[in-house]
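The values are calculated or read from the model by the stated rules, or taken from the named source; none is laboratory data. Just so it is clear, the structure is predicted and the values come from calculations on it, not from any experiment. Note that we place each Cβ from the backbone using ideal geometry, even for glycine, and neighbour counts take in every protein chain shown. When the accessible area is computed, the model is the full protein with side chains, heavy atoms only, and any ligands, DNA or RNA have been set aside. Shrake-Rupley method; radii C 1.70, N 1.55, O 1.52, S 1.80 Å.
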Amino acid sequence: MTEDVALVGSKLRRWEKYLDNFKLPTWNEIPDIGLFMDQVITLLTQYLDYLPPELKEDNCITPAAINNYVRMKIMPEPRKKRYYRLHIAYLLMICTMKQSLSIALLRKIIPVGIPEEEFEPLYNAYVERHCHTAQYFNQQVAKAADPILHGEDAMPQDITNLIFMVSIISGFCQLLAEKLILLEPPKEAEE
């Protein structure tokens with residue numbers, strides 16, 4: 001059992017190091033050359049490469065999903081079947097937030113139909129928030145996982161306790177995000 005704790009500690013340290021260096025691309029780092037769907041999938045997979053290898057097989061970024069986002073008007077339509085910087089930025093925001101929010105709620109908070117010049121600062125602010133939140137998350141996990149990361153007397157129960165804690169936090173975070181979104185008046189009422 002001690003080997004399991006050591007393995008989890010090793011994986012946590014590796015993931016912490018990876019997340020400390022992970023950054024979503026800024027607006028200017030996203031290509032604006034008109035990519036076809038298969039190129040978009042490849043690019044998004046590279047940009048969102050923080051998923052554990054076990055989960056990468058379940059490709060969360062598919063042509064069908066992207067087509068649904070367009071159909072549901074959560075992002076702009078491609079131009080002549082090509083996706084540009086604006087589309088990739090929308091997809092990065094959607095893909096990172098859909099892990100905890102439904103598409104219906106994302107539609108309420110991601111503005112569609114605004115000029116590209118207005119979306120750029122919104123996207124860059126999102127990238128900065130994503131980075132700061134990842135750093136904060138790492139700090140909190142390091143505190144909570146201290147017995148696993150540094151304690152020679154760590155027990156398998158410490159792993160279970162960490163799993164319980166992050167699951168509960170995830171639930172509270174999702175609930176708070178949903179409540180805050182639902183406090184906002186519908187977009188149609190704002191116009």
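So if each residue of separation counts as 0.36 nm, and I subtract the Cα-Cα distance between LEU175 and LEU7, what length gain in nm does that give?
Numbers: separation 168, 0.36 × 168 = 60.48 nm, distance 3.19 nm.
So the chain would gain 57.3 nm between LEU175 and LEU7.
For the chain, what is the calculated [θ] at 222 nm in deg cm²/dmol (nearest 500), taking -39500 (n - 2.57) for each run of four or more DSSP H residues and dividing by its residue count?
When only DSSP H runs of four or more count, the value is -21500 deg cm²/dmol.
Can you give me the angle between helix 156-183 and the longest principal axis of the chain, using Cα atoms only, in degrees from 0 to 90, rounded to the nearest 10?
For helix 156-183, the angle is close to 30 degrees.
Please give the helix 37-47 orientation as an angle from the longest Cα principal axis of the chain, in degrees from 0 to 90, rounded to the nearest 10.
For helix 37-47, the angle is close to 40 degrees.
By its C-alpha gyration tensor, with a ≥ b ≥ c as the square roots of the eigenvalues, how is segment 128-169 shaped: rounded for a/c under 1.5, else prolate for a/b larger than b/c, else oblate?
Values: a/c = 4.91, a/b = 1.85, b/c = 2.65.
Since a/c reaches 1.5 but b/c is at least a/b, the shape of segment 128-169 is classed as oblate.
Note the angle between two axes, namely the Cα long axis of helix 85-97 and the longest principal axis of the Cα atoms of the chain, as a number of degrees from 0 to 90, rounded to the nearest 10.
Approximately 40 degrees, to the nearest 10.
Lys/Arg Cβ at +1, Asp/Glu Cβ at -1, dipole of the chain taken about the Cα centre: which of ILE163, ILE110, TYR47 is farthest positive-ward?
Among ILE163, ILE110, TYR47, the one farthest towards the positive end of the dipole of the chain is ILE110.
What is the chain's relative contact order, in percent, from Cα pairs under 8 angstrom and six or more apart in sequence? Display every interim value, and only then the final one.
Values: 140 pairs, mean separation 62.3, N = 191.
Relative contact order comes out at 33 percent.
So if each residue of separation counts as 0.36 nm, and I subtract the Cα-Cα distance between MET155 and THR42, what length gain in nm does that give?
Gain on stretching MET155 to THR42: 36.6 nm.
Considering only protein heavy atoms, what per residue accessible area in square angstrom results for the chain with a 1.4 angstrom probe?
64
When the Cα centres of segment 130-157 and segment 59-107 are compared, how far apart do they sit, in Å?
Segment 130-157 and segment 59-107 have Cα centres separated by 32 Å.
Per-residue counts of other Cβ atoms within 10 Å, averaged by peptide: what ranking do you get for 32-45, 168-181, 75-88, highest first? List each step's numbers first, then the result.
Numbers: 32-45: 15.2, 168-181: 12.1, 75-88: 17.3.
Descending packing order for the listed peptides: 75-88, 32-45, 168-181.
Carbon and sulfur: what percent of the chain's accessible surface (1.4 Å probe)?
The computed percentage sits at 58.
Set the bar at 18 Å for Cα to Cα. Now go through LYS23/LYS81; LYS23/LYS179; LYS73/LYS108 and name every pair that lies beyond it.
Details: LYS23/LYS81 28 Å; LYS23/LYS179 28 Å; LYS73/LYS108 11 Å.
Beyond 18 Å: LYS23/LYS81; LYS23/LYS179.
May I ask which residue of THR133, ALA6, ALA64 lies farthest towards the positive end of the charge dipole of the chain, with charges of +1 (Lys, Arg) and -1 (Asp, Glu) on Cβ and the Cα centre as origin?
It is ALA64, whose Cα lies furthest towards the positive end.
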